[in-house]
Amino acid sequence: MTLRIAMLSVHACALAKLGGRDSGGMNVYIRELARDLARRGIEVDIFTRWREAEDPRVQELAPGARVIHIESGPIGYYPKMSVYERLPEFTEKLLAFVKAEGRSYDLIHSHYWLSAEVSRTLAAEWAAPRIQMFHTLGRVRSEVMDEDADGENAVRAGIEERAVAESRAVVAASEIEAGELRTLYGADMAKVAIIPCGVDPEVFRPVRQLDARRILGEDGSKRLILFVGRIEQIKGIDVLLRALGLLYARRPDLKADVRLVVVGGALSPHDDAPETDKVADLRRHVREQNLESSVEFVGSRDQRDLALYYASADVCAVPSLTESFGLVALEAMACGTPVVGTRVGGLQTLIEDGQSGMLVPPSDEQALAEALERVLLDPRLRMHLAHGAREAAEGYTWQRVGDRIADLYRRILSADAAKVEG
Ligand code: UDP
């Protein structure tokens with residue numbers, strides 16, 4: 001029997017441009033998982049909010065996997081709390097769409113807190129089991145952030161707690177996240193499945209550094225530190241800029257020899273005005289620290305280009321304050337680029353300190369500067385870490401994620417079938 005899954009991702013579209021506002025690892029995860037499940041004959045419909053006017057209502061992602069855009073309020077970008085306020089409308093329109101098509105679903109797989117409430121209503125309406133993955137947890141996030149910038153803390157944690165209690169299974173990307181689900185949300189560990197994320201080895205693979213730099217038109221002679229990600233405080237980019245300042249203060253000779261390239265965000269208001277403001281803020285920061293000649297912002301790039309940036313870099317910095325998994329680190333590792341990351345969340349399980357990368361405490365620019373200096377100046381260490389990184393990354397593929405998720409679906413559905421027969 002063909003399984004059919006309703007995948008819910010209210011605010012992150014599997015087709016969205018990556019590296020911009022609210023578009024990152026979760027979009028990649030849903031896209032890659034849906035493709036893999038479809039390849040193995042599991043049909044997937046991904047329901048997401050209609051955000052881009054030029055997107056069609058229904059778009060095929062791969063044979064057997066569709067993205068279905070659902071209106072909730074006028075088409076366009078909304079901050080997360082406005083998306084939240086319109087969830088009842090989203091749910092109603094989704095139900096109407098499904099009814100009109102006459103489809104039914106065996107299971108609901110929901111992503112992030114914003115989808116959890118929709119999942120709850122659908123599960124009751126369709127009498128279908130639901131599974132949940134959070135990608136980031138509100139209580140973990142609020143522990144490391146100064147302020148509740150999105151104004152979501154009050155509602156988010158309650159919704160997450162309820163989803164943990166009511167879902168048939170909760171997927172955690174790492175043991176650390178599983179522990180957080182237990183201690184911060186009281187999760188019953190019997191229903192937490194630890195399934196790490198994956199990487200596409202066809203896209204993220206080693207390329208000779210000079211070749212990659214030539215294709216990108218990057219300077220071939222200087223050493224390069226790379227940052228990739230959404231331009232958000234939680235990604236620690238300001239810590240990295242301070243670390244770069246410290247590195248130059250300790251080793252003034254490196255100023256002419258080491259550059260930082262920042263991939264992510266938007267450079268033009270035509271592309272995305274608020275994102276451009278964030279990059280403009282960082283540029284101010286860079287000017288204040290006299291780092292203009294050493295830092296380049298290249299905006300967000302697609303993953304084929306990104307692979308070339310990883311290959312061009314001598315080291316990839318992942319200075320996040322928290323990270324449920326950390327796809328950027330895994331992608332860099334798959335390209336054979338050593339990572340200096342923070343000892344937080346999934347990065348701790350992904351990187352073995354001194355073997356497949358280096359780990360430093362979060363928000364510690366001093367430690368970050370020292371680790372970057374070591375990796376940049378010690379070619380033997382760099383080769384050792386590059387080798388370890390490649391080897392470690394081999395264990396993580398989307399196919400393996402698909403195997404484990406498909407197995408989880410089957411276990412839940414056969415337990416239900418046994419109950420009905422019993
Ligand atoms: N990404 C991209 N282009 C960019 C910046 C990021 O394609 O300009 C992708 C990157 O390849 C990775 C994802 O966005 O797959 C970021 O995932 P990660 O888990 O590192 O962070 P998140 O966004 O989930 O916090």
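The values are calculated or read from the model by the stated rules, or taken from the named source; none is laboratory data. Small disclaimer: the values here were computed from a predicted structure and weren't measured. Quick reminder, even Gly has a Cβ in these numbers, built from the backbone with ideal geometry, and neighbours come from all protein chains shown. Surface areas here come from the heavy atoms of the whole protein model, side chains and all, with no ligands, DNA or RNA. Shrake-Rupley method; radii C 1.70, N 1.55, O 1.52, S 1.80 Å.
Expressed per residue, the C-alpha convex hull volume of the range 1-150 stands at 115 Å³.
Helix content alone sets the calculated 222 nm mean residue ellipticity of the chain: runs of n ≥ 4 DSSP H residues at -39500 (n - 2.57) each, divided across all residues, give -15000 deg cm²/dmol.
Rounded to the nearest 0.05, the FRET efficiency derived from the C-beta distance between ASP238 and GLN59 at R0 = 41 Å is 0.65. Computed 3J(HN,Hα) for the range 310-326, one whole-Hz value per residue from the Karplus formula 6.51 cos²θ - 1.76 cosθ + 1.60 where θ = phi - 60°, is 4, 5, 6, 7, 8, 7, 10, 9, 10, x, 4, 7, 8, 7, 5, 10, x, glycine and proline marked x. Scanning residues 5 or more positions from ALA172 or on other chains, those with amide H under 5 Å from its amide H are ALA193, ILE194, ILE195, with H placed 1.01 Å from N in the peptide plane.
Annotation note: chymotrypsin sites (Phe, Trp or Tyr not before Pro) in the range 93-180 located in DSSP loop regions with a Cβ neighbour count of at most 14 within 10 Å are absent. Other residues lying with their Cβ under 13 Å from the Cβ of ASP257 contribute a combined charge of +1, Lys and Arg counting +1, Asp and Glu -1. Working note: Karplus 6.51/-1.76/1.60 with θ = phi - 60° gives the range 221-236 the couplings 9, 8, 7, 10, 9, 10, 10, 10, x, 5, 8, 9, 4, 5, 7, x Hz, where Gly and Pro are set to x. Amide H to amide H distances under 5 Å link ILE231 with GLY265, where only residues 5 or more positions off or on other chains count and H is placed in the peptide plane. Surface calculation, 1.4 Å probe, protein heavy atoms: HIS384 sits at approximately 80 Å² accessible. For the chain, the number of Lys pairs separated by eight or more positions or lying on different chains, with C-alpha atoms closer than 27 Å, is 14.
In the chain, the longest principal axis of the Cα atoms and the axis of helix 25-39 are about 50 degrees apart. Only the Cβ atoms of Lys and Arg (+1) and of Asp and Glu (-1) were treated as charged; on that basis the dipole of the range 83-202 about its Cα centre amounts to roughly 560 debye. Prolate is the label for the chain, because a/c, from the alpha-carbon gyration tensor with a ≥ b ≥ c as root eigenvalues, is 1.5 or above and a/b exceeds b/c. Taking the longest Cα principal axis of the chain as reference, the axis of helix 398-421 is set at about 20 degrees. If a spin label sat at a point 7 angstrom from the Cα of ASP146 along the line to its beta carbon, the backbone N atoms of the range 316-355 nearer than 18 Å would be those of 320-322. In this structure, ARG284 and ASP219 have a Cβ-Cβ separation that, at R0 = 25 Å, corresponds to a calculated FRET efficiency of about 0.55. Here the simple spin-label model places points 7 Å from the Cα toward Cβ, and for ARG139 and GLN399 these points are separated by 3.9 nm.
The angle between the Cα long axis of helix 87-101 and the longest principal axis of the Cα atoms of the chain comes to about 60 degrees, rounded to the nearest 10. Sketch the reach of a paramagnetic label on ARG205 as a point 7 Å from Cα along Cα-to-Cβ, and name the residues of the range 34-63 whose backbone nitrogen lies under 20 Å away. What the label zone holds, given the 20 Å backbone N cut-off, is 36.
Full extension of the segment from SER293 to LEU381, taken as 0.36 nm per residue of separation minus the current Cα-Cα distance, would add 28.9 nm.
Residues within the reach of a label modelled at SER363 (point 7 angstrom out along Cα to beta-carbon, backbone nitrogen below 16 Å), restricted to the range 221-254, are 233-243. Whole-Hz Karplus values for the range 195-202 come out as 10, x, 6, x, 9, 8, x, 6 Hz, taken residue by residue from phi with 6.51 cos²θ - 1.76 cosθ + 1.60 and θ = phi - 60°; glycine and proline positions read x.
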